[in-house]
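Worksheet: the structure to be examined is printed underneath.
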Amino acid sequence: MTEVIDEQVRVAAVFSGDKVNPVWFTWRDRKYKIEQVTYTWRDREGDAIMYYFSVLHSVNLYELRLNAKTLVWRLLKVTQA
């Protein structure tokens with residue numbers, strides 16, 4: 001079951017050149033260690049580039065988005081196993 005969240009979250013990420021690798025995120029006062037990045041893609045919203053990450057924590061899949069213009073991270077969706 002997929003649940004739309006669309007909430008701002010804190011994310012720790014490693015930046016290397018033009019690559020971004022999220023390591024963990026906090027959502028609703030809980031820290032989630034990212035075990036695997038399963039898919040990444042980019043898109044545009046106006047003049048802002050959006051980076052999307054599909055990540056695994058435990059058995060659940062989370063979709064994160066980084067707005068490269070504002071540097072704001074959002075948790076968009078959670079798919080529970």
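The values are calculated or read from the model by the stated rules, or taken from the named source; none is laboratory data. What you are looking at is a predicted structure, and each value in this text was computed from that prediction instead of being measured. As a convention, Cβ positions derive from the backbone with ideal geometry for all residues, glycine included, and neighbour counts pool all protein chains shown.
Couple of notes before you dig in:
- Answer residue from segment 49-81, given it is of a type in the set (S, T, Y) and out of contact with any Ser or Thr (no Cβ under 9 Å at 6 or more places or on another chain) and is surrounded by the most Cβ atoms within 10 Å (Cβ to Cβ) among those: S58
- Here T79 qualifies as touching a residue at least 24 places away in the same chain (Cβ under 8 Å) and out of contact with any Lys or Arg (no Cβ under 9 Å at 6 or more places or on another chain).
- G46 falls short on exactly one of the conditions (1) in contact with a Lys or Arg (Cβ under 9 Å, 6 or more places away or on another chain); (2) surrounded by 13 or more Cβ atoms within 10 Å (Cβ to Cβ), and that condition is (2).
- Top-ranked residue of segment 1-37 - restricted to ones that are at pLDDT 95 or above and among the small types (G, A, S), ranked as surrounded by the fewest Cβ atoms within 10 Å (Cβ to Cβ): A12
- Extreme residue, nearest to the chain's Cα centre (by Cα), among residues of segment 61-74 that are more than 12 Å from Q36 (Cβ to Cβ) and of a type outside the set (D, E, K, R): L64
- Meeting the requirement of 3 or more residues that are in contact (Cβ under 8 Å) with a residue 40 or more places away in the chain, the strands (runs of 3 or more DSSP E) wholly within segment 12-74 are 19-27.
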